[in-house]
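J.: The structure's right below; bear with me while I get my questions together.
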Amino acid sequence: MRYWLMKSEPEAYGIDDLARDGVTAWWGVRNYQARNFMRDQMSVGDRGFFYHSNCAEPGIVGIVEVCKLAYPDTTQFDRKHKYFDPKSTPENPRWLNVDVKLVKKTRLVSLAELRRHKELAHMRVLAKGNRLSITPVDPAEWAFITKHLLGKGIK
DNA sequence: GCCAACGTTGGC
DNA sequence: GCCAACGTTGGC
């Protein structure tokens, strides 16, 4: 059981889209390190912070749970899709995604707020120049955020 | 819109 | 295998 922080641009797919859908494939990851996290380390039941990036108010906006192990990302085979990859084949797919389901929407815990807590100083999402869309979250950091910043009712 | 940081590509 | 050029990310 691990913890994660998963970025999405709200304009592409935000927390309200997930609230509507309930479950979604975490499609569109085109970075090997992030893919490998999904492929090698994510298990059903892992939890993650849903993070809005590249927007007016970047920050954590929800909690999700991995509900399906990594499998080929269908968008890589769709010629018309933004994420089409001509070098990937169904026999040897390059890109994978897990499925996640919404556990709950949370209040916005902004990037600025995360930065204010020394307990979180080592979070990868706070590191300068960080671009990785999926990053592991230390259990102690997860506990701090859920307990102190998000309050009761979240394990 | 700017631009620093980073990942990928491709020539050699 | 090196590394410059290029494209993308993402905060501000």
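J.: What list of ³J(HN,Hα) values in whole Hz, one per residue of the stretch A:33-45 in order, does the Karplus curve 6.51 cos²θ - 1.76 cosθ + 1.60 (θ = phi - 60°) give from phi, with Gly and Pro shown as x?
T.: Once θ is set to phi - 60°, the couplings for the stretch A:33-45 become 5, 5, 4, 5, 4, 5, 5, 9, 10, 7, 10, 4, x Hz.
J.: Per 0.36 nm of contour for each residue apart, how much would the distance between A:Arg79 and A:Gln41 grow if the chain were fully extended, relative to their Cα-Cα spacing?
T.: In short, 10.7 nm is gained.
J.: Mean separation of Cα pairs under 8 Å and 6+ residues apart, divided by the residue count of the stretch A:1-96: what relative contact order is that in percent?
T.: With pairs under 8 Å counted, the relative contact order is 30 percent.
J.: Here's a follow-up. Residue by residue through the stretch A:132-144, what is 3J(HN,Hα) from phi via Karplus (6.51 cos²θ - 1.76 cosθ + 1.60, θ = phi - 60°)? Round to whole Hz and write x for glycine and proline.
T.: Listing the rounded values in order: 5, 7, 10, 10, x, 10, 4, x, 5, 5, 4, 5, 4 Hz.
J.: Take the residue pairs A:Lys7/A:Lys147; A:Lys101/A:Lys147; A:Lys80/A:Lys147; A:Lys68/A:Lys118 and return only those whose Cα atoms are more than 32 Å apart.
T.: Violating the 32 Å Cα-Cα cut-off are A:Lys80/A:Lys147; A:Lys68/A:Lys118.
J.: Taking a ≥ b ≥ c as the square roots of the Cα gyration tensor eigenvalues, with a/c under 1.5 meaning rounded and otherwise prolate when a/b beats b/c, else oblate, which class fits the stretch A:30-155?
T.: Since a/c reaches 1.5 and a/b is larger than b/c, the shape of the stretch A:30-155 is classed as prolate.
J.: Shifting gears a bit: Under 5 Å between amide hydrogens, which residues at least 5 positions from A:Lys68 or on another chain qualify, with H placed 1.01 Å from N in the peptide plane?
T.: Those qualifying (amide H under 5 Å, at least 5 residues apart or on another chain) are A:Asp99.
J.: Heavy atoms only, probe 1.4 Å: what % of the accessible area of the stretch A:4-60 goes to carbon and sulfur, would you let me know?
T.: 43 percent
J.: Please list the non-local residues whose amide H lies under 5 Å from the amide H of A:Arg2, H modeled 1.01 Å from N, same-chain partners needing a gap of 5 or more.
T.: A:Ser43, A:Asp46, A:Arg47
J.: Using a probe of 1.4 angstrom, how much of the accessible area of the stretch A:98-155 is carbon and sulfur, in percent?
T.: 54 percent
J.: Send over a whole-number figure in Å² for the accessible area per residue of chain A, probe 1.4 Å.
T.: 56 Å²
The values are calculated or read from the model by the stated rules, or taken from the named source; none is laboratory data. None of the values given here were measured: they were computed from a predicted structure. For the accessible areas, the whole protein counts, side chains as well, though only heavy atoms, and no ligand, DNA or RNA atoms are used. Shrake-Rupley method; radii C 1.70, N 1.55, O 1.52, S 1.80 Å.
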